[in-house]
Amino acid sequence: MDLISKGWFSEVQDELWPGQSFSLKVKEVLHKEKSEFQDIQVVETETYGRCLILDGIIQCTTRDEFSYQEMISFLPLCCHSNPQKVLIVGGGDGGVAREVVKHPLVKEVHQVEIDDRVVQVSKKYLPSMACGFDSEKLVLTIGDGFEYMKNHKNEFDVIITDSSDPVGPAVSLFHESYFGLLKQALKEGGVVCSQAGSFWLDFDYVKKTMKGCALHFPKVGYAVTSVPSYPCGHIGFIIGSLDASRKLEKPAKRFEKSESDALNLKYYSSDVHEAAFTLPRWVEKHFYE
């Protein structure tokens, strides 16, 4: 599948965001292949740096990836009082692993990614993210996240699902049954976080996913971040806690500015954490009332 036309890549996805597209001017196609699971492409763009594309959908660019990676990692980590053991499902580019291992309370990180080719391609072309795989805290397993969690019950403090959008190999990661599986793999008081799309693009789908999470988790919230290279420049995360008393918008671990700088956090801060859960009135009303 040739995704480049007249020097431009256009992200066209009629199922997920009909009637719109986002385009990037391409300087060079660095890599293109079809793995066992999906089409993989890496391009060098004029203004967004290097860009990883899976099945025609932008996964990350080196210009703005830190916003997504930091928020999907530190939001759930800071919703838990002592996140020592963490599981990452997906995240083959290594960016989430890079962020999770930074947290001072995290001692052990396990990651399960279904497509080894995404990992290998990222190591070659996206080293600023794939450096996450180099941490001594990390154990990487290539395999199916469902099967992995079935065999690892009551083990993790935090589980982060860094999936692509709900088409192709990632579609099952948005179903209600998936949140039940996550719950079984958590310790008491555990926290989960999943990429959940944008309320601007598919409000009903986000709400449905939240309801699926709420069937298994007594405390559920939706937080947002700004990522210019994603559709609408916006994406959200569903966070669920097994601790019904947990106030998700209040970070259990607060970072001073000096600590954030030492951890090389460019987007996440304790103030941003609180603000991320503040939603427009029309969204808040329909999500929570």
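The values are calculated or read from the model by the stated rules, or taken from the named source; none is laboratory data. Because the structure is predicted, anything quoted here is derived from the model rather than measured. So basically every Cβ, Gly included, is an ideal-geometry build from the backbone, and we count neighbours across all protein chains shown. In case anyone asks, the SASA skips ligands and DNA or RNA and just uses the protein heavy atoms, side chains included. Shrake-Rupley method; radii C 1.70, N 1.55, O 1.52, S 1.80 Å.
So the values come out like this:
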| read-out | value |
| --- | --- |
| Top-ranked residue in the range 199-242 [being part of a strand (DSSP E or B) and among the aliphatic types (A, V, I, L, M); ranked as nearest to residue 19 (Cα to Cα)] | 235 |
| Helices (runs of 4 or more DSSP H) lying entirely in the range 112-159 (those with 2 or more residues that are in the same structural domain as residue 87 (by the TED database), more than 24 Å from residue 181 (Cα to Cα) and touching a helix residue (DSSP H, G or I) at 6+ places or on another chain (Cβ under 6 Å)) | 116-125, 127-130 |
| Residue, nearest to residue 274 (Cα to Cα), within the range 37-55, restricted to residues that are in a loop (DSSP other than H, G, I, E, B) and modelled with pLDDT of 95 or more | 48 |
| Matching entry among 258, 245, 269 (being among the polar types (S, T, N, Q), buried (at least 18 other Cβ atoms within 10 Å of the Cβ) and assigned by the TED database to the domain that holds residue 77) | 269 |
| Identity of the residue in the range 56-72, assigned to a helix (DSSP H, G or I) and of a type outside the set (Gly, Ala, Ser), that ends up farthest from residue 269 (Cα to Cα) | 65 |
| Single condition residue 207 does not satisfy, out of (1) surrounded by fewer than 18 Cβ atoms within 10 Å (Cβ to Cβ); (2) without any contact (Cβ under 8 Å) to a residue 60 or more places away in the chain; (3) over 26 Å from residue 98 (Cβ atoms) | (2) |
| Matching option when the condition is polar (S, T, N, Q), at pLDDT 85 or above and open to solvent by 40 Å² or more (accessible area, probe 1.4 Å), among 10, 5 | 10 |
| Single residue of 55, 39 found to be surrounded by fewer than 20 Cβ atoms within 10 Å (Cβ to Cβ) and in contact with an Asp or Glu (Cβ under 7 Å, 6 or more places away or on another chain) | 39 |
| Residues (assigned to a helix (DSSP H, G or I) and either open to solvent by 30 Å² or more (accessible area, probe 1.4 Å) or not assigned by the TED database to the domain that holds residue 271 (or both)) located in the range 73-111 | 98 |
